[in-house]
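One structure is given below, encoded as structure tokens.
The values are calculated or read from the model by the stated rules, or taken from the named source; none is laboratory data. Owing to the predicted nature of the structure, the values given are computational and were not obtained by experimental measurement. So basically every Cβ, Gly included, is an ideal-geometry build from the backbone, and we count neighbours across all protein chains shown. Heads up: the accessible areas ignore ligands, DNA and RNA and are worked out on the full protein's heavy atoms, side chains in. Shrake-Rupley method; radii C 1.70, N 1.55, O 1.52, S 1.80 Å.
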Amino acid sequence: MDVHLGPVMRMDIEPPYSAEIIPLLNDMGDTLYDYVGKNLYVDKKERLWIIAESKVFYTDSTQKIFKSHSFQDSIGDTKFSLSRFFHDSKGYLWITDNKSGLFRIDPDLKKVKIFRYNPSEPLGIPSNGITMVTEDNEGTIWLGTFLSGMAFYDREKDLFYTYMQNAGLGGNSVYNIHFDKNNNLWVCTNRGLSYMDKKTENFINFHYEEGFSFNIISANAILEHQDMLYIGNQNGAFILTPYNQDIPQNLSRTIISGLKINNKYVRPNQPDEEGRIILNKPLIATEAIRLLPKDLMVTFEFTHLDYINPERNQYAYMLEGLEKDFHYVGNQNKATYTFLPPGNFTLKVKASNAYGAWSSNTTDLKITVIPPFYSRIWFLVLIASIILGIIILFYQVRTFSIRRHNEALQTINKRLEDEIIERELIEKERLRLISAIEQSIDAIMITDTKGNIRYVNPAFDKMTGYNRNEVIGQHIRLLKSGKQTDSFYGQMWKMIGSGAVWSGKLINMRSDGTLITVEETITPVRDDSGEIINYVAIMRDITEQEKIEKDLHQAQKMQAIGTLAGGIAHDFNNILSSISLNADIILSNTYGQSDIQEDANEIQVAAYRGKELVEQILTFSRQGENKAEMIQVETIFQSVNRMLRATIPATIQIDSTVEPCPPIFGNATHIYQIILNLATNARDAITGTGKITIVLKPISKELSNGVAYNGLRPDDYIYISVSDTGKGIPKDLLSRVFDPFFTTKEVGRGTGMGLAIVHGIVQKYDGHISVKSKEYEGTTFEVFLSQKGLNKTV
């Protein structure tokens, strides 16, 4: 019964029977009247323990001053139902909870170990609903659960080994465990009493059907006295003599009673559609059968010849040669196999009687599956002979054909040799004519009057990435990048078509798709009659010259893309983790259901492949990272502050407030970018006179002024605030300020990347950034960076 805690009375049970009222005071001198007490316990050191809601209270050696331990601090907002104490032989205090697992307090009361159910740990605690905990004569801890059987705890390996109904335990809800003088277990369950031989791990179950008075046995309802076992509940009591019990043995025989092939029963000496007789005698007397490849589905039925409560007989089977472990199938008395591979197998069947005792021997049936004709040796030899004959015939025909055409080939070869010699002479002549321009460092291209390429030099290959063999005969439009308009090209062709020389700057496209900027001069080439027959273009690559001034902009763009890719990848990874976790749950809940488990395994494989893809995206998002180290934030701030005062106009006042901050693990450039980008934006927002306020300070887990932000978890942070008295940001644009390439500045004054970069950096420090703004009044950006520094997993 739950009661509000008032004074506790302590009474001596020997004369003179003195009594003492103990006021419940904690170590601060306050009373404990506001708590609801659930259980009292005195440990081996004479300390009084009281369970109250999510806390336990215990006295000091005087039993007058109470101290407490809150499990709420250990696992958060979990609802508790602490219920029972147990003090083991090693001095550990165990506390059970009906909902939240098992708690173990070390002898020195300084450390608490929490055991909670995790479906991904098959050898973890089997349930969070713990009904009781006890210790056997050898010092092993045993516990009972609600609906998850019982388990013992291996202290050295920190593992739990569970017994449930599928292992022979009478029921899955365990209320009490009693150890007799032989250290065997008597277990009170929701389905009667179970006896477990600790050496053999065999169970004997006593149910209502065997004359047992009741099936449900409550906690603390079993007592051993003078070799007698007293068991009871609200309906009465039952007495056992555990050391004189005739434990029922399973001496009955298990037989294989039925055989179905392709859903049709097989009878002795009864032929099938093709006249085949599978059974020459009754199945019970048959030691072996032979199956053909067409026998796609085979079902075996079996019966245990024990007729004491036969509906409680349990069965297990295994196809030796195909399987390594028995299938424990409860009272299901059949086994079905489909598409058995060729080979020799042995079906093994065993059963347990109504008391849970398994038969010591198995019933065996040898099975031979005949391979199909196309996999037999004679068929393979026949096929190999046919193939060999075909190869010999083909070889003879081919040899005759080669011999027949030999003279024709020799004639063709002679003609080809002559043509090659002629082409070599022509090639040498061409090389002599263009040897001068071949050595040019500028790219040279010759086209016809329609723009088809007739010649390019090696410098052209290097500049454009095209091999000359690829471009000869192609139109010069293959270099077209789309950066010039059709009217631009029209004017250029009109000019060179009139015989004039054209010079200018073009943006062309290389073979790999990259753009290059070239200075180009195009000169018409005339024949003896003055008619234009070709154009010669001389090109020089000036991409690197222009790239210098574009590098910074491009780098910022790529960093923004990387940040976006990283964010998408993390969201996708969360989805994959949920899929993988649910696949694990399906696997653990469908043991023995091969079709479902196979589907779940395929889900896991797909999830793992998806995770590999996420890792590739994350690798891209991490490109360009600088080395991380321990940095002093205020030192970096002072450096940036000096630069700001030197570059920001004197009409803008800068107020800085700096408090000492602990060093953090990170990159100095990141802090530099955050402060500089925010301060630069503040400067650009002020027209004429104004004020910029910058604050840097540490903030503890309890955020100052009660400020809280979505997604900001309790932690120690470095706080950076940058405010201005500028024109502010329109309300409808506030949600877009962190988007890459978005800016409210005039054209040419910003890339739109500054705040996107800041946002990406803040995320890497497990932090948060927010913005508040009113038009014509000003804007404030607040940044919170975790004092743990750069997330090492980023």
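Of the residues making up region 254-270, those that are open to solvent by 70 Å² or more (accessible area, probe 1.4 Å) and either in contact with a His (Cβ under 8 Å, 6 or more places away or on another chain) or more than 21 Å from Asn333 (Cα to Cα) (or both) are Asn269, Gln270.
Taking region 56-102 only, how many residues are open to solvent by 10 Å² or more (accessible area, probe 1.4 Å), under 40 Å from the mean Cα position of the chain (by Cα) and either at pLDDT 75 or above or of a type in the set (A, V, I, L, M) (or both)?
Kept after step one, since they are open to solvent by 10 Å² or more (accessible area, probe 1.4 Å), are these residues of region 56-102: 58, 60-65, 67-70, 72-81, 83-87, 89-92, 98-99.
Cutting the leftovers down to under 40 Å from the mean Cα position of the chain (by Cα) gives us 68-70, 72-81, 83-87, 90-92, 98-99.
Those left that are additionally either at pLDDT 75 or above or of a type in the set (A, V, I, L, M) (or both): 75, 83-87, 90-92, 98-99.
Of the residues in region 56-102, 11 are open to solvent by 10 Å² or more (accessible area, probe 1.4 Å), under 40 Å from the mean Cα position of the chain (by Cα) and either at pLDDT 75 or above or of a type in the set (A, V, I, L, M) (or both).
Of all residues in region 305-327, those satisfying the criterion of being open to solvent by 40 Å² or more (accessible area, probe 1.4 Å) and at pLDDT 90 or above are Glu320, Gly321, Leu322, Glu323, Lys324, Asp325, Phe326, His327.
Selection over region 266-312 of residues that are farther than 19 Å from Leu365 by Cβ and polar (S, T, N, Q) gives a count of 1.
Yes/no per residue for (1) under 15 Å from Asp442 (Cβ atoms); (2) open to solvent by less than 50 Å² (accessible area, probe 1.4 Å); (3) without any contact (Cβ under 8 Å) to a residue 12 or more places away in the chain:
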residue	(1), (2), (3)
Met495	no, no, yes
Lys505	yes, no, no
Asn508	yes, yes, no
Ile516	yes, yes, no
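Selection of first residues in region 729-740 that are without any contact (Cβ under 8 Å) to a residue 24 or more places away in the chain and of second residues that are in a helix (DSSP H, G or I), restricted to Cβ pairs under 8 Å at least 6 apart or on distinct chains, gives the following pairs, ordered by first then second residue: Asp739/Ala756.
For (1) open to solvent by less than 20 Å² (accessible area, probe 1.4 Å); (2) modelled with pLDDT under 85, each residue gets a yes or a no:
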{"residue": "Ser704", "(1), (2)": "no, yes"}
{"residue": "Ile720", "(1), (2)": "yes, no"}
{"residue": "Gly728", "(1), (2)": "yes, no"}
{"residue": "Glu746", "(1), (2)": "no, yes"}
{"residue": "Met753", "(1), (2)": "yes, yes"}
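Total residues in region 364-385 satisfying the condition of being open to solvent by 90 Å² or more (accessible area, probe 1.4 Å) and farther than 30 Å from Asn202 by Cβ: the figure is 6. Take the conditions (1) within 60 Å of the chain's Cα centre (by Cα); (2) β-branched (Val, Ile, Thr); (3) within 21 Å of Ile437 (Cα to Cα); (4) surrounded by 15 or more Cβ atoms within 10 Å (Cβ to Cβ); Thr523 misses just one of them, which is (1). Set side by side, the residues Lys450, Lys428 differ, and just one is basic (Lys, Arg) and in the same structural domain as Asp541 (by the TED database), which is Lys450.
Within region 459-508, can you find the residues that are of a type in the set (Lys, Arg) and over 19 Å from Glu519 (Cβ atoms)?
First, pick out the residues of region 459-508 that are of a type in the set (Lys, Arg): 462, 468, 477, 480, 483, 494, 505.
Correct list: Arg468, Arg477, Lys494.
Just need a number here: residues in region 632-681 that are aromatic (Phe, Trp, Tyr) and out of contact with any strand residue (DSSP E or B) (no Cβ under 8 Å at 6 or more places or on another chain).
Step one: of region 632-681, the residues aromatic (Phe, Trp, Tyr) are 637, 665, 672.
Keeping just the survivors that are out of contact with any strand residue (DSSP E or B) (no Cβ under 8 Å at 6 or more places or on another chain) gives 672.
Number satisfying all stated conditions: 1.
Of the residues making up region 335-363, those that are part of a strand (DSSP E or B), open to solvent by less than 70 Å² (accessible area, probe 1.4 Å) and not β-branched (Val, Ile, Thr) number 9. From the residues in region 636-659 that are surrounded by 14 or more Cβ atoms within 10 Å (Cβ to Cβ) and β-branched (Val, Ile, Thr), which one is nearest to Thr680 (Cα to Cα)? It comes out as Ile648.
Take the residues in region 612-635 that are in a helix (DSSP H, G or I) and modelled with pLDDT of 75 or more; name whichever of them is surrounded by the most Cβ atoms within 10 Å (Cβ to Cβ). Steps first, please.
First, the residues of region 612-635 that are in a helix (DSSP H, G or I): 612-621, 633-635.
Going one step further and asking which of them are modelled with pLDDT of 75 or more, we end up with 633-635.
On the way: Val633: 25, Glu634: 18, Thr635: 12.
Once the filter is applied, the top-ranked residue is Val633.
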